[in-house]
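**Student:** Just dropping this structure here.
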Amino acid sequence: MTTQEKISNIEILEKIKQYRNQKNLSQAQVAAVIGISQAAYAKVESGITENVSLNIAKGIAKALGENFNELFEINADNKNLDIQTDEIEELKGKIKELQDRIEEKDFLIKSISAQTRHTKEVLIHEVYLAYTRKIRKINEKLKNSNNDKEIKNLTNEKTMVELLTNRQHKKYMIAGIYDQQYYEDNIDRIAKEIDDILDDPQYLD
């Protein structure tokens, strides 16, 4: 019989319940050690849950302070067979998960490493161009407005545009596309380039 089949055995379940009562442990206390809800543990102990994972079985033995093999009556001849099989499968799953994560990170690192100076500048250009166009429009409206409420709204809008622009730059920095130093070293030149573009009569706003 496999470990999962053994735990469904009524005698073993009764023994688990007996040990728990002898040690004055509630179902909730045992469940907390295992890391499951009291309701889930109650189903295990009552036999409603037929197939129980190795981790839960080990958790029960740990909570009760009993030897795992003795608690679940695993014979000496095959006591390690089922455990090793289950553990191997669990480890395979964890290894596969780790490999997937490593591949994702490797892909991200390669993608970031592949970013060229041109790509960095294009991104800064795009953000700063959008910012400059919006700020110019707001400033134009401010210049032509005499309404206090409208001036206040436009001023708030201007502050929000600046905040969103800075936030967008932070996103690129967090992603590792460019850093604060690169931004500071290039923003003045890029800003002038944007201003020249927007001042060009041939540029369609």
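**Student:** Examine the stretch 105-112 for a residue that is outside the structural domain of ASP188 (by TED's automatic domain parsing), exposed (fewer than 10 other Cβ atoms within 10 Å of the Cβ) and either under 30 Å from ASN9 (Cβ atoms) or at pLDDT below 85 (or both), and state whether such a residue exists.
**Tutor:** Yes, the stretch 105-112 has at least one match.
**Student:** For the stretch 118-151, which positions are over 27 Å from GLN181 (Cβ atoms), basic (Lys, Arg) and surrounded by 12 or more Cβ atoms within 10 Å (Cβ to Cβ)? Walk me through it before giving the result.
**Tutor:** Step one: of the stretch 118-151, the residues over 27 Å from GLN181 (Cβ atoms) are 136-151.
Among the residues that remain, those that are also basic (Lys, Arg) are: 136-137, 141, 143, 149.
Those that are over 27 Å from GLN181 (Cβ atoms), basic (Lys, Arg) and surrounded by 12 or more Cβ atoms within 10 Å (Cβ to Cβ): ARG136, LYS137, LYS141.
**Student:** Additional query: Please verify whether GLN29 is more than 34 Å from the chain's Cα centre (by Cα) and modelled with pLDDT of 90 or more, treating the condition exactly as stated. Let's see the steps before the verdict.
**Tutor:** Working: more than 34 Å from the chain's Cα centre (by Cα): no; modelled with pLDDT of 90 or more: yes.
When the stated conditions are applied, GLN29 does not pass them.
**Student:** Quick one: GLN115 ticks every box in (1) more than 19 Å from HIS169 (Cβ to Cβ); (2) modelled with pLDDT under 85 except a single one, so which number is it?
**Tutor:** Here GLN115 meets the rest and fails (1).
**Student:** Next question, about the same structure. Only residues that are polar (S, T, N, Q) and assigned to a helix (DSSP H, G or I): list them for the stretch 145-198, please.
**Tutor:** Going through the stretch 145-198, the residues polar (S, T, N, Q) turn out to be 145-147, 153, 155-156, 159, 165-166, 168, 180-181, 186.
Of everything in the stretch 145-198, those that are polar (S, T, N, Q) and assigned to a helix (DSSP H, G or I) turn out to be ASN153, THR155, ASN156, THR159, THR165, ASN166, GLN168, GLN180, GLN181, ASN186.
**Student:** Identify all residues within the stretch 152-186 that are among the hydrophobic types (A, V, I, L, M, F, W, C), surrounded by 13 or more Cβ atoms within 10 Å (Cβ to Cβ) and over 16 Å from THR119 (Cβ atoms); write none if there are none.
**Tutor:** LEU154, VAL161, LEU164
The values are calculated or read from the model by the stated rules, or taken from the named source; none is laboratory data. What you see is a predicted model; the values in this text were computed from it and never measured. We place every Cβ from the backbone using ideal geometry, glycine too, and count neighbours over all the protein chains shown.
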